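The values are calculated or read from the model by the stated rules, or taken from the named source; none is laboratory data. Keep in mind the model is a prediction, meaning the values are calculated, not measured. Counting neighbours? That spans all protein chains shown, and the Cβs are built from the backbone with ideal geometry, glycine included.
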Amino acid sequence: MRDKKCALDALSSRRDFLKAGAAVTGALAVSGVFPGAIPALAGSGEKAKVYFTKEANAEGLLKLYERIHQRLTGKIAVKLHTGEPDGPSILPRDMVKALMAKIPDSAIVECNVLYSGPRKTTEGHRKVIIRNGWTFCPVDILDEDGDVGLPIPGGKQLTEVAVEHILNYDSMLVLTHFKGHVMGGFGGSLKNISIGCASGKAGKEQIHRQGAELWSGGPRFMERMVEGGRAITHRFGTRIAYINVLRNMSVDCDCVGTQAAKPVAPDIGMLASSDILAVDQASVDMVYALPESQKRDLVERIESRSGLRQLEYMKTMSMGCNRYELISL
């Protein structure tokens, strides 16, 4: 019953967002927020703050960081996807370079992958990192020296997930290129810290496989992915914040590299929050608010993979709030 209620809450939130959008699209077109989507309306009950800028560039990124960095202290891990060789849609290096210059005692963090390719080994992964231009700051491959089990409070599918160097950091900034995903439906902040922080040899296997059964997608896989992310949010507590970049949104993940489908959806901008559910919910809402011709491919990818289960199960796992106040910068 609780899962059903979460699903209905998420659906209601999305319907409210779109209904309100129809009422005030003209006004927002004048203000230049973004086409076809609107801030969540004020109402009763607690809402998370989600900051939005249509500027998907270094200046916009720094504006967002200023709004959410206050609880990030000590040694800071910046989790982002550094991409397959010559990946066409990964985050612009100049944008990230400007951000990293503002974050003292920080490093980009990544993990090796489970699938075959150069990023499966640390040696090959480092070559790709250099090739893709991530040479302006330290890049820590979290599972370079093995892994340890990180507990998952309340996990039903998993009780722990294997990670490693993440224990060396005090805080985390999750910088995510929001896009589609062949298994997850979409890849937002949740996918970035779940699959992205799990070790290549053990953690990713834990999330993708149970015994001899390989989870190729669907609601149960979404739940395992959420539980993997829960380990990371529990580890950092309030010392974690999220930025989703909604540009170059292919139906494919950056892990597909040069073979990824070309984006059909327009660039929307960037979102930031200290609430992982709110920032992913707002990102999905913005995609759903696009005109039909622009959103069709992404929505089909999300729904055909049961991707919305990510949002429902994050609420079940008490990982955040799906009601939010959208604050345009």
- For ILE141, are the conditions met, namely being without any contact (Cβ under 8 Å) to a residue 60 or more places away in the chain and touching a His at 6+ places or on another chain (Cβ under 8 Å)? yes
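Yes/no matrix, rows are residues, columns are (1) assigned to a strand (DSSP E or B); (2) hydrophobic (A, V, I, L, M, F, W, C):
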site: ILE108; (1), (2): yes, yes
site: GLU123; (1), (2): no, no
site: ARG126; (1), (2): no, no
site: ILE129; (1), (2): no, yes
site: PHE136; (1), (2): no, yes
site: ILE166; (1), (2): no, yes
site: VAL174; (1), (2): yes, yes
- Cβ pairs under 9 Å, 6+ apart or interchain, first in region 47-60 and within 11 Å of ASN244 (Cα to Cα), second at pLDDT below 95 and part of a strand (DSSP E or B), ordered by first then second residue, are none
- Return the pairs, sorted by first residue and then second, in which the second residue is in a loop (DSSP other than H, G, I, E, B) and of a type in the set (Ser, Thr, Tyr), the first residue lies in region 244-264 and is touching a residue at least 60 places away in the same chain (Cβ under 8 Å) and within 15 Å of LEU290 (Cβ to Cβ), the beta carbons are less than 9 Å apart, and the residues are 6+ apart or on different chains. ARG247/SER89; ASN248/SER89; MET249/SER89; SER250/SER89; PRO263/SER89; PRO263/SER250
- Query: Is there a residue being hydrophobic (A, V, I, L, M, F, W, C), assigned to a loop (DSSP other than H, G, I, E, B) and within 14 Å of the chain's Cα centre (by Cα) anywhere in region 293-308?
  - Reply: yes
- Filtered residue count, region 99-115, keeping only those that are touching a helix residue (DSSP H, G or I) at 6+ places or on another chain (Cβ under 6 Å) and at pLDDT below 95: 3
- Query: If you check VAL264 against the conditions, is it surrounded by 20 or more Cβ atoms within 10 Å (Cβ to Cβ), under 23 Å from GLU84 (Cβ atoms) and not small (Gly, Ala, Ser)?
  - Reply: no
- Item | Single match in LYS262, LYS204 (criterion: assigned to a helix (DSSP H, G or I) and either at pLDDT below 95 or touching a Cys at 6+ places or on another chain (Cβ under 6 Å) (or both)) | LYS204
- Right, ARG239: free of Cβ contacts under 8 Å to residues at least 24 places away in the same chain, within 30 Å of PRO151 (Cβ to Cβ) and surrounded by fewer than 21 Cβ atoms within 10 Å (Cβ to Cβ) or not? no
